[in-house]
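All remarks here apply to the structure that follows.
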Amino acid sequence: MKKTILMIGSFDTKAEDFAFVRDLIGARGHAVLALNTGVLGTTDRFPVDIEADKVATSGGGDLAALRAKRDRGEAIKVMCLGAAAVTGELYARGKFDAVLGLGGSGGSSVIAPAMRALPVGVPKVLVSTIASGDTAPYVGLKDVTMIPSVVDVAGINRISEKIYKEAVGAVCGMAEMDYASSGERKPIVAASMFGQTTPCVTRCKEELAAKGYEVLVFHASGTGGKTMESMVDEGYVEGVLDITTTEWADELMGGMFTAGSTRLEAPGRARIAHLIVPGCVDMVNFGPPETVPAKYEGRELYESKPTVTLMRTTVEENARIGEVFADKANASKGKVAFLLPLRGLSVLDSEGGAFWSPEADSALFGAIKENARGDIPVVELDAHINDEAFSRKAVAMLMDLMAG
């Protein structure tokens with residue numbers, strides 16, 4: 001079945017590259033829709049469907065003014081906003097099935113936000129000179145596939161030819177896939193998990209599946225928490241089983257798995273059920289031992305693996321985390337509750353474990369109970385977080401919240 005591939009980039013300066021890619025897509029039997037984000041040149045050599053003036057206007061600017069000013073930073077900012085707006089509008093109107101972009105660092109900075117404006121599941125392939133570095137600012141929380149260009153996006157040679165063929169094969173293959181659901185669409189529950197809470201979340205997932213829910217599990221690695229909450233904001237999720245909230249320990253203490261200061265807020269904004277469990281807040285995540293900040297010298301550390309060093313949180317730190325959790329719950333506009341495991345928050349925080357500290361856990365629990373709104377249920381269970389009784393209680397409480 002014929003598909004339409006949206007091509008995004010600076011057609012004014014990359015005409016040779018895009019013409020080659022256009023012909024490859026045509027040879028696969030698919031159509032091309034060309035969106036130009038270039039500012040300083042013309043597209044005489046490559047006629048496009050949506051010109052840069054439309055993109056600039058959609059980004060709150062004026063193409064003639066951008067050209068006259070020749071301020072690259074301002075131009076990129078305007079075209080970023082415009083490309084995202086135009087791409088989102090085109091997709092909403094059903095104008096394309098997949099998107100392919102080619103660019104250097106500047107071009108990628110414009111193309112990537114346009115791709116991130118699209119829902120998860122829309123094929124997105126970006127051939128970029130910066131794809132071998134830190135791609136987090138470009139990929140964000142969406143399913144953007146980045147392919148290193150190896151050489152610059154500056155014409156066709158024996159290397160770029162192979163890379164472009166690879167990219168066209170990828171995006172066309174994605175577009176040709178049948179994305180119809182393989183079964184009935186079930187209501188979705190999102191759950192947060194770490195290796196330290198896997199037994200709990202696995203049992204919860206099985207029980208929820210038996211009740212007719214589809215469970216999406218997110219690794220509490222910073223990106224995982226952000227992605228989970230972005231899916232809540234986009235309306236995919238009916239309820240959140242927040243078993244593993246360790247990202248707040250990293251946010252407050254400078255660990256590598258922070259999800260930012262808005263973590264725990266999305267379910268409240270969306271007015272959906274949210275069960276909060278302080279799973280794994282007994283630990284802060286750092287890299288190898290030498291990456292632990294000097295200010296933490298003498299603290300209790302555990303080398304989980306060669307690349308990850310865990311630091312036990314203190315009584316004072318746990319009290320602060322508890323205050324934050326209560327503040328986030330108090331601001332919720334939806335149904336929210338706490339479930340507290342009195343016998344430990346992780347595998348390490350269990351009786352006889354390396355991070356076992358009833359005093360620190362008690363400070364956490366006390367801060368939550370003292371600061372949470374009076375109408376927010378705070379249930380204490382005499383069980384470890386990975387005990388079967390805790391999993392059953394967590395599911396039961398979430399079901400009650402969703403029913404209410």
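A few remarks follow.
- Reachable aspartates and glutamates from LYS211, criterion Cα separation under 18 angstrom, eight or more residues apart if same chain: GLU184, GLU238, GLU388, ASP400
- Counting only Cβ charges, +1 for Lys and Arg and -1 for Asp and Glu, the dipole size of region 58-194 around its Cα centre is about 240 debye.
- In order through region 371-386: 3J(HN,Hα) via Karplus (6.51 cos²θ - 1.76 cosθ + 1.60), integer Hz, x for Gly, Pro: 9, 6, 4, x, 8, 8, x, 10, 9, 9, 10, 7, 7, 7, 4, 9
- Area accessible to solvent at TYR302, 1.4 Å probe radius, in Å²: 90
- For region 61-185: accessible area per residue (Å², 1.4 Å): 48
- Computed magnitude of the charge dipole of the chain (debye, nearest 20; Cβ of K, R +1, Cβ of D, E -1): 1300
- Cα centroid of region 131-160 to Cα centroid of region 26-70, whole Å: 20
- Which listed pairs, of LYS14/LYS165; LYS335/LYS369; LYS124/LYS328; LYS3/LYS77; LYS205/LYS226, have C-alpha distances above 26 Å, in listed order: LYS124/LYS328; LYS3/LYS77
- Ranking by accessible area, most exposed first, for GLU161, GLU303 with a 1.4 Å probe: GLU303, GLU161
- Ordering of 357-363, 106-112 by burial proxy (mean other Cβ atoms within 10 Å per residue, highest first): 106-112, 357-363
- Accessible surface of region 150-204 [probe 1.4 Å, protein heavy atoms]: carbon and sulfur percent: 54
- Solvent-accessible surface ranking, highest first, for ILE159, ILE8, ILE76 at 1.4 angstrom: ILE159, ILE76, ILE8
- Packing-based order for 62-70, 389-397, using average beta carbon neighbours within 10 Å, highest first: 389-397, 62-70
- Accessible surface calculations at 1.4 Å, restricted to protein heavy atoms, place region 2-58 at 42 Å² per residue.
- Most positive-pole-ward Cα, THR135, ALA191, VAL168, against dipole of region 89-196 from beta carbon charges: ALA191
- For region 1-43, applying the loop criterion from DSSP together with a ceiling of 13 other beta carbons within 10 Å to the trypsin sites (Lys or Arg not before Pro) yields LYS2.
- Candidate cross-link partners of LYS95 among the aspartates and glutamates, defined by an alpha-carbon separation under 16 Å and a same-chain spacing of 8 or more, comprise ASP49, GLU51, GLU176.
- Backbone phi angles across region 56-62, fed through the Karplus curve with coefficients 6.51, -1.76 and 1.60 (θ = phi - 60°), yield HN-Hα couplings of 4, 4, 5, x, x, x, 9 Hz in residue order; Gly and Pro are listed as x.
- Computed from Cα positions, the angle between helix 315-330 and the longest principal axis of the chain comes to roughly 60 degrees.
- Degrees separating the helix 223-233 axis from the principal Cα axis of the chain, which is the longest one: 80
- Dipole magnitude for region 193-291: computed about the Cα centre from +1 point charges on Lys and Arg Cβ and -1 point charges on Asp and Glu Cβ, it is near 200 debye.
- √(5λ) per eigenvalue of the Cα gyration tensor, region 131-206, largest first, Å: 37, 20, 10
- Region 26-106: equivalent-ellipsoid semi-axes (sqrt of 5 x gyration tensor eigenvalues, Cα, Å): 23, 15, 11
- Spatially proximal aspartates and glutamates relative to LYS393 (Cα-Cα < 18 Å; intrachain offsets below 8 disregarded): GLU206, GLU207, ASP242, GLU380, ASP382
- Annotation: THR145 carries an accessible surface of approximately 50 Å², with a 1.4 Å probe and no ligand, DNA or RNA atoms counted.
- Accessible surface of HIS384 - all protein chains present, 1.4 Å probe, nearest 10 Å²: 20
- What the Kirkwood sum gives for the chain is a hydrodynamic radius of 23.4 Å, with every pair of different alpha carbons counted.
The values are calculated or read from the model by the stated rules, or taken from the named source; none is laboratory data. Fair warning: this is a prediction, and the values are worked out from it, not measured in the lab. Every residue, glycine among them, receives a Cβ derived from its backbone with ideal geometry; neighbour counts consider all protein chains shown. We work out accessible area using only protein heavy atoms, side chains counted, and drop any ligands, DNA or RNA first. Shrake-Rupley method; radii C 1.70, N 1.55, O 1.52, S 1.80 Å.
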